[in-house]
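The values are calculated or read from the model by the stated rules, or taken from the named source; none is laboratory data. Because the structure is predicted, anything quoted here is derived from the model rather than measured. Ideal geometry is used to build each Cβ from the backbone, glycine not excepted, and the neighbour counts take in all protein chains shown. Heavy atoms of the whole protein, side chains included, go into the accessibility calculation; ligands, DNA and RNA do not. Shrake-Rupley method; radii C 1.70, N 1.55, O 1.52, S 1.80 Å.
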Amino acid sequence: MVPRYSRPAMSALWEPEAKFRIWFEIEAHATQKLGEMGVVPVSAGKALWDWWATNPKIDVEAIDAIEAVTKHDVIAFLTWVAEQVGDEARFMHQGMTSSDVLDTTLAVQLARASDILMDDLDALCAAIKTRAEEHKYTPTIGRSHGIHAEPVTFGLKLAQAYAEFDRCRDRLTAARKEIATCAVSGAVGTFANIDPEVEAYVADKLGLIPEPVSTQVIPRDRHAMYFSTLAVIAGSIERLAVEVRHLQRTEVLEAEEYFSPGQKGSSAMPHKRNPILTENLTGQARMIRGYAMPALENVALWHERDISHSSVERFIGPDATITLDFALARLTGVVEKLLIYPERMQKNLDAMGGLVHSQRVLLALTQAGVSREDAYRLVQRNAMKVWESNGAMSLLDLLKGDEEVTAALSHAQLEEKFDLEYHFKQVDTIFARVFG
C-alpha cells in the first residue's frame with residue numbers, strides 16, 4: 001500500500017486491527033452456534049460477546065509478539081484472546097482450521113471493498129453523464145488510427161465511457177457475489193469435527209453464503225475472477241485517461257485537465273500544463289492489471305490446500321482494491337473539472353478541407369449510378385489533393401471542378417453532403433440506449 005495513492009475508508013478495511021476484529025466475529029459466532037447446538041457450553045459464546053461488548057482495543061503489537069514465537073498468526077490471535085477472556089475461551093475454534101478464519105475474513109474484506117468500489121463507479125458514472133449531457137451536441141472529430149475520420153460529438157465520446165463503466169459495475173456486482181463465500185468446514189473441508197449448520201450461521205451473520213465445497217480453502221478460481229474484474233475496470237480507466245491525454249496534446253488541445261492556481265507544470269519550463277493526473281492513472285491501471293496474473297496463478301493449489309496463495313493475497317488484496325479506489329476517485333475528479341474547448345474542436349474539424357465528409361459523397365455517387373469502385377476512385381483522387389495540401393485545398397471545391405463527379409451530382413447535391421448536422425441525427429437514439 002502506498003499512502004500517496006490511498007483513501008481512508010478503503011485503507012481501513014485492510015488495517016491489522018480491522019482484520020483481527022473480523023477474525024473475532026467469526027470465532028465468536030461459531031462458538032455461539034456451537035453452544036446453541038450443545039457442543040460447547042452456552043457460557044462460552046456469552047463470555048466472548050460480553051468481552052467484545054466492552055469494545056476492547058485489539059492489541060496488534062501483543063498479537064505480533066506472540067506470533068514471533070508461535071510462527072502462526074491464527075494461533076497467536078487465539079492465544080491473545082484467551083488471555084483477555086479467560087477459561088471459556090478454550091472452546092473457541094472447535095473443529096475449525098485456520099483457513100476457515102483466513103479465507104472467510106478475506107471474503108468479508110473483498111465484499112466490503114466491492115461496496116466501496118461500486119460507490120466509486122456510481123460517482124464516476126454520474127460525473128460522466130453530467131458532462132455528456134452538457135456536450136451532447138458539441139461537434140468534434142472522430143479519429144481512427146489517430147487520423148481524422150468522421151464527425152462525432154464530445155457527448156458521444158463521454159456516453160461511450162459511461163456505458164463502459166456501467167458494464168464495469170455489472171461485472172463488479174457479479175464478482176462480489178462470487179467472492180462473498182464462507183468456509184467453516186474444518187481440516188480438508190469434510191465437516192468431520194464441525195456441523196455445516198455452524199458454517200451457515202457464520203455466513204448469515206457476515207453477509208456471505210456457504211462455500212459448497214471448500215476442501216479446507218475457498219477455491220481460488222473465485223479470487224481469480226475477482227481480481228480479473230478489477231483489472232478490466234483498470235483497463236477502462238486507462239482508456240478514458242489516454243483519451244484525455246491525447247486530447248490535451250498541444251497540436252490537438254480539445255480538452256485538458258484542470259490546472260489550478262499556483263500549480264506548476266515543469267521545473268524547467270514555466271509554460272507547461274501537463275496531463276499528470278491521467279498519466280498517473282495510466283500507471284495505476286498497469287499496477288492493478290498486474291495483480292490479476294498472480295491471482296490466476298493461485299488457482300492451482302496442491303491437493304486440498306497449500307499456502308502458496310497466502311503471501312500473494314497479502315499483497316494483492318489491499319493493493320489492488322486501494323489503488324482502484326483511488327484511481328476511480330481521481331478519474332471522477334478529472335471528468336468533473338475537465339476543461340473542454342468546443343472552438344478548438346470546430347477548428348480541428350475544419351482543418352483538413354472537408355475530408356471528413358468523403359464517405360457521404362462516395363455513397364451519393366453510388367446511389368447516382370456510379371460503381372462503387374469508380375466512386376471510390378473519384379473521391380479519393382480529390383481527397384488526396386486536399387491531404388497533400390494539408391487542408392489548404394477544399395474537397396468540395398475540387399469535387400465541383402471534377403467533371404466525372406459533376407456528371408453524377410450537381411453542385412447543390414454536393415454541398416448538401418457537407419452538412420455537419422447530418423452526422424448527429426441519431427445522437428438522441430444513442431443517448432437513449434445509454435442513459436435511457
Expressed in nm to one decimal, what extension gain is obtained for the pair THR130 and LYS46 from 0.36 nm per residue of sequence separation less their Cα-Cα distance? 25.0 nm
Can you compute the modelled spin-label distance between ARG372 and HIS72, with each label point 7 Å from Cα toward Cβ, in nm? 7.3 nm
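Given Cβ point charges of +1 (Lys, Arg) and -1 (Asp, Glu) and nothing else, what value in debye, to the nearest 20, does the dipole of the range 185-324 about its Cα centre take?
On the way: 13 positive and 18 negative charges, 145 e Å.
Roughly 700 debye for the range 185-324.
Below 12 angstrom from the Cβ of TYR226, what's the summed charge of the other residues (Lys, Arg +1; Asp, Glu -1)?
+2
So with the 1.4 Å probe, I'd like the accessible area per residue for the chain, rounded to whole Å².
On the way: 20790 Å² over 436 residues.
Heavy-atom accessible area per residue stands at 48 Å².
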Just name one of ASN193, ALA231, PHE24: the one whose Cα is farthest towards the positive end of the charge dipole of the chain (beta-carbon charges, Lys/Arg +1, Asp/Glu -1). ALA231
Cβ charges +1 (Lys, Arg) and -1 (Asp, Glu), total dipole of the range 138-267, debye: 300 debye
Which angle between 0 and 90 degrees, to the nearest 10, do you get for helix 372-388 versus the longest principal axis of the chain when only C-alpha atoms count? 90 degrees
At 10 °C and 1.306 mPa s, what whole-number value in µm²/s does Stokes-Einstein give for the translational diffusion of the chain, with Rh from the Kirkwood sum over Cα pairs? 61 µm²/s
For SER311 and LYS57, what is the calculated FRET efficiency with R₀ set at 45 Å and r taken between the beta-carbons, to the nearest 0.05? 0.95
Among GLY95, PHE424, ILE276, the residue whose Cα sits farthest towards the positive end of the charge dipole of the chain, when +1 is placed on the Cβ of each Lys and Arg and -1 on the Cβ of each Asp and Glu, is PHE424
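Quick one: putting +1 on the C-beta of Lys and Arg, -1 on the C-beta of Asp and Glu, what dipole do you get for the chain around its Cα centre, in Debye to the nearest 20?
On the way: 46 positive and 61 negative charges, 264 e Å.
In debye, rounded to 20, the chain gives about 1260.
Starting from the eigenvalues of the Cα gyration tensor, five times each then square-rooted, give me the equivalent ellipsoid semi-axes of the range 275-383, largest first, whole Å. Don't jump to the answer; show the numbers that get you there.
On the way: eigenvalues 545, 121, 17 Å².
Value: 52, 25, 9 Å, ordered largest first.
Mind pulling the per residue volume of the convex hull built on the Cα atoms of the range 120-200? Å³ is fine.
On the way: hull volume 10.5 nm³, N = 81.
It comes to 130 Å³ per residue, whole-number rounded.
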How large, in percent, is the carbon and sulfur part of the accessible surface of the chain at a probe radius of 1.4 Å? 54 percent
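Of the cross-linked pairs LYS19/LYS46; LYS177/LYS337; LYS272/LYS347, which ones have a Cα-Cα span greater than 26 Å in the structure shown?
Details: LYS19/LYS46 22 Å; LYS177/LYS337 34 Å; LYS272/LYS347 22 Å.
Result: LYS177/LYS337 exceed 26 Å.
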Within the range 386-406, backbone nitrogen closer than 17 Å to the virtual label 7 Å beyond the Cα of ALA412 toward Cβ: 400, 406
Kindly list the residues of the range 202-218 that lie in the label zone of GLU304, defined by a backbone N under 15 Å from the point 7 Å along the Cα-to-C-beta vector. 213-218
Where trypsin sites (Lys or Arg not before Pro) fall in DSSP loop in the range 1-79, at most 11 other Cβ within 10 Å: LYS57, LYS71
Multiplying the sequence separation of GLU197 and ARG167 by 0.36 nm and subtracting their Cα-Cα distance, what value in nm do you get? 7.1 nm
